[in-house]
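The values are calculated or read from the model by the stated rules, or taken from the named source; none is laboratory data. As the structure is a computational prediction, the values presented were derived from the model and not from experiment. Neighbour counts run over all protein chains shown; Cβ positions are idealised from the backbone, glycine included.
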Amino acid sequence: MLTPKKREFLFDEITSIADEVRSYSISSEEIDQAITSNISINQLEALNFARLIDSLKTEPNKVFLDSPDVISERFGMRVSLFSARNMHVKGVAGKKQVNGMAASGSKRISVIAEHKADATYPVVSSASIIAKVIRDREIERITDYLGVDIGSGYPSDSKTIDAIKDNLANEKFAKFIRQRWKTMQIIRQAKMNDFV
């Protein structure tokens, strides 16, 4: 919803006032390995959300999650179960279990998980801006490395799709593209049909 210039400005503003900023980029290889192991992208994201929460130096009172799962409580529970911290998901009864025993000895973190939470909570909007700027910078780095304009990297971007189609045999591209990505499968199928 914001221009890259506005996001960059806000990135600096947000990072200057935030107590902590943590990020983790999930590689295309990690995603492919997860899918091969029947781990959904939502599960993979929940695992990495939990890792980021666990890596915080301070223990928050609340955690707001922008759930990629339309059943947001399910995503909140996944993050809670993957985390070493004592969490309670809003709208979900019960206590977090650690090794079969109720977590104790630490304050309980309230987890608010909502689908499209970045439109509701300013802190989630801020996190979304941080993530988008980091992603934009990574796309720029990849473009420079490959020497090819790959566009935004989204499947809706014709520049991205054309760059992939034109570079299917380029091994440098392979490490940046999820091989189990539905878009990649469609491109490969279309290329195969060109020979039929």
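Would region 123-132 turn up any residue that is crowded, with 16+ Cβ neighbours inside 10 Å and at pLDDT below 75? Within region 123-132, none of the residues are crowded, with 16+ Cβ neighbours inside 10 Å and at pLDDT below 75.
Residue count for region 155-184 under the criterion of being more than 14 Å from residue 142 (Cα to Cα) and not in a loop (DSSP other than H, G, I, E, B): the result is 9. Here residue 152 does not qualify as surrounded by 11 or more Cβ atoms within 10 Å (Cβ to Cβ), in a helix (DSSP H, G or I) and of a type in the set (Ser, Thr, Tyr). Summed over region 28-40, the residues that are surrounded by 11 or more Cβ atoms within 10 Å (Cβ to Cβ) and either in contact with a Ser or Thr (Cβ under 6 Å, 6 or more places away or on another chain) or in contact (Cβ under 8 Å) with a residue 24 or more places away in the chain (or both) give a count of 5. Is it true that some residue in region 136-145 is touching a helix residue (DSSP H, G or I) at 6+ places or on another chain (Cβ under 9 Å) and either outside any helix (DSSP H, G or I) or touching a residue at least 60 places away in the same chain (Cβ under 8 Å) (or both)? Yes - at least one qualifying residue is present in region 136-145.
Each residue in region 31-49 was checked for being part of a helix (DSSP H, G or I) and over 12 Å from the mean Cα position of the chain (by Cα), and 5 pass.
Show the residue pairs that are 6+ apart or on different chains and have beta-carbon atoms under 9 Å apart, the first residue being within region 7-18 and touching a residue at least 40 places away in the same chain (Cβ under 8 Å), the second being surrounded by 14 or more Cβ atoms within 10 Å (Cβ to Cβ) and of a type in the set (D, E, K, R). Close Cβ pairs (under 9 Å, with a partner that is surrounded by 14 or more Cβ atoms within 10 Å (Cβ to Cβ) and of a type in the set (D, E, K, R)) amount to 7/132; 7/136; 8/136; 11/132. Among the residues of this structure, residue 72 counts as one that is within 27 Å of residue 27 (Cα to Cα), at pLDDT below 95 and not acidic (Asp, Glu). When residue 73 is tested against (1) touching a Gly at 6+ places or on another chain (Cβ under 6 Å); (2) of a type in the set (D, E, K, R); (3) assigned to a loop (DSSP other than H, G, I, E, B), just one condition goes unmet, and that condition is (3). Within region 138-187, being at positive phi and within 18 Å of the chain's Cα centre (by Cα) holds for one residue alone: 153.
On the basis of being in the same structural domain as residue 56 (by TED's automatic domain parsing) and of a type in the set (Asp, Glu), does residue 118 make the cut? Here the answer is yes, as residue 118 does meet what is asked. When the criteria are applied in full, residue 49 meets the requirement of being within 23 Å of residue 10 (Cβ to Cβ) and either buried (at least 17 other Cβ atoms within 10 Å of the Cβ) or out of contact with any Gly (no Cβ under 7 Å at 6 or more places or on another chain) (or both).
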